[in-house]
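Notes follow once the structure below has been shown.
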Amino acid sequence: MKKKIPLLRLNYSKNEKQFISSGVQEILSSGFLTMSKRIEHFEELFAKFVKVKYAVAVNSGTSALEIPLRALNVEGKSIIIPTNTYMATPIAAIHAGAKVIFSDVLENDLSIDPKELEKKIMKDTVGVIPVHIGGFISPKWKEIKKICDLNNLFIIEDSAHAHGSQINNKFAGSLGLASAFSFYPTKILTTGEGGIITTNNRDLYKKFLILREHGKSNPSYNIHSELGYNWRLPEISGLLGIQQVKKARSIVKERRKIAALYDEILNGNSNLKLQKIPPTIKSSYYKYIIFVKSKHRDKIKKKMYKKYGISLPGEVYRSLCHSQPVFKKHSKHVIKKGSQLFTNAKKVASSQLCLPLYPGLKKKEIKYIANSLIKVLKDFNQL
């Protein structure tokens, strides 16, 4: 019998709904609808969650990338970014005044290739934005950091997928000079819309606060020392954030259990390839990524839905940044340094599939998804 497996379910218990509902009433009664005690509490909880000193809540994950780049004064300088990321990553750098150099990625973990990174560095390069794709921190992180340290390049982590991810027991969000998280509805934790910046650097933290508030260094007297924007997050979003961070560990734990069951069923199947995640890395599994034959990928997705009612989520990512049409119109923002083949990125972009993965996905649903996929893959590989 055909079941319906949606792309996503948002699960809130009765108690969680009551917590949110009563919190909204309190906020409305207080008269403080933005940037008050719930935002502060949310920031404190999130900083504690990723084990850093400071966190600054903002209105989106894109803003959480742009603010640190502005604080680091990247205008007129170049930043290296993997081509396999969401467009928010290069757009944030460009809006901060930087020029972007795109780099190829590693085939297994989809993160920036250290060898490519070395070749892309220019005299005016000041930083790198590694992206933890699908919640998977690169096993080459030590190598990436060493290259950056030797060349005096800062690291801003794009941790939009990586709430709770770890490498050698260190959390995503604590590995670079600063890090950006997203709380979009599809993300591991959500506030509807929103983002947060994490750092251990007090001077940068102070600058983030100023930039978030229209560049005000003294909000009480409207004294502006920087060219900032309104990057604030409303109190209701902060309330949602508090509820989410309180159960963050259980959310990540459940995602890992679902991924482990997929692994158990799919491991050893000759018609697909699983990501190899070493024991030093604990992914948050924002995405469960597998690789199939490129020529069949889109047909597999269609058949999974039509025959079995299973909606497969979007890939990370199907369209590579360097090939986006916007850069034909705005080519001045991109520096073409070194190889422009992006061989690995093109391969993974055309061959990856992502399976449904979210809290509340039942064991029988996971088995149904995995076994349906095995049947579909078998059909296509017999052609």
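Coordinate-derived values only; no laboratory data. For clarity, every value in this text was computed on a predicted model and none was experimentally measured. Heads up, the Cβs are rebuilt from the backbone with ideal geometry, glycines too, and the neighbour counts pull from every protein chain shown.
Here are the numbers:
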read-out: Signed unit charges on C-beta, dipole axis of region 204-307, positive-most listed residue 259, 214, 224; value: 259
read-out: Rh (Kirkwood; distinct C-alpha pairs) - region 103-228, Å; value: 16.0 Å
read-out: Cα gyration tensor category, rounded, prolate or oblate, for region 76-167 with a/c compared to 1.5; value: oblate
read-out: log10 of Debye I(q)/I(0), alpha-carbon scatterers only, for region 325-379 at 0.17 Å⁻¹; value: -0.75
read-out: Ranked list, fewest to most other Cβ atoms within 10 Å of each Cβ, for 235, 44; value: 44, 235
read-out: Cα centre as origin, Lys/Arg/Asp/Glu Cβ charges: the chain dipole, Debye; value: 1680 debye
read-out: Cα-Cα P(r), region 255-294, percent of pairs per 10 Å interval; value: 26, 59, 14
read-out: Dimensionless Rg over Rh [the chain; C-alpha; Kirkwood]; value: 0.98
read-out: Extreme residue, positive dipole direction of the chain, given options 76, 168, 93 (C-beta unit charges); value: 168
read-out: Within a Gaussian network of the chain (alpha carbon springs, distance under 10 Å), most fluctuating of 196, 156, 144; value: 144
read-out: Phi-based couplings in Hz for region 109-114 (Karplus 6.51, -1.76, 1.60; Gly and Pro marked x); value: 9, 6, 9, 4, 7, x
read-out: Pair residue 201, residue 36: separation of 7 Å Cα→Cβ label points (nm); value: 3.4 nm
